[in-house]
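*Asks:* To start, I am sharing the structure in question, which I have written as structure tokens.
The values are calculated or read from the model by the stated rules, or taken from the named source; none is laboratory data. Nothing here was measured: the structure is a model prediction, and the numbers come from that model. When the accessible area is computed, the model is the full protein with side chains, heavy atoms only, and any ligands, DNA or RNA have been set aside. Shrake-Rupley method; radii C 1.70, N 1.55, O 1.52, S 1.80 Å.
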Amino acid sequence: MSSSISAYPDDSQTSKFWQKSKESPFVPVGMAGFAGIVAFGLYKMRTRGNTKMSVHLIHMRVAAQGFVVGAMTIGVVYSMYRDFYLKPQEQAKALMEK
């Protein structure tokens, strides 16, 4: 008997995605930017003029990868800030309150 209600609702792909996006908020930003650049590149493909298809696709790939790498870099910097700057401050504040 198949049921649409899962015994473990936290194991669904969407809940895992939302948990990961809370831990690393720039991953979904990178994914959305990648999709947006690819969609824009496909739209602009019609009006590329005399540019070869391979050159257009390479430019689109480089732009999409650049956006993803930038989002990942910002995410890593944010994680380092959170782990090495905010947490020690919270721990020091907790020690001072004792």
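*Asks:* With every protein chain kept in place and ligands, DNA and RNA left out, what is the accessible area per residue of the chain? Probe 1.4 Å, answer in Å². Intermediate results must be reported in sequence, preceding the final value.
*Replies:* Numbers: 8380 Å² over 98 residues.
Ligands and nucleic acids excluded, the result is 85 Å² per residue.
*Asks:* Here's another thing I want to ask about it. What are the DSSP H helices in the chain that stretch 18 Å or more along their long axis, judged by alpha-carbon atoms, and whose average Kyte-Doolittle hydropathy comes to at least 0.5? Intermediate results must be reported in sequence, preceding the final value.
*Replies:* On the way: long enough: 26-44 (26 Å, 1.48); 53-81 (42 Å, 1.15).
Membrane-span-like by this rule: 26-44, 53-81.
*Asks:* If you stretched the chain out fully between Q19 and M45, how much longer would it get, using 0.36 nm times the residue separation minus the C-alpha to C-alpha distance?
*Replies:* Once the chain is fully extended between Q19 and M45, it gains 5.8 nm.
*Asks:* Residue separation times 0.36 nm, minus the C-alpha to C-alpha distance between Y78 and L57: what's the value? All intermediate terms of the calculation are to be shown ahead of the outcome.
*Replies:* On the way: separation 21, 0.36 × 21 = 7.56 nm, distance 3.15 nm.
Fully extending the segment from Y78 to L57 adds 4.4 nm.
*Asks:* In the chain, how many lysine pairs have Cα atoms under 28 Å apart, counting only pairs 8 or more places apart or on different chains? Walk me through the numbers on the way to the answer.
*Replies:* Working: K16/K87; K20/K87; K22/K87; K22/K93; K44/K52; K87/K98.
So the count of such lysine pairs works out to 6.
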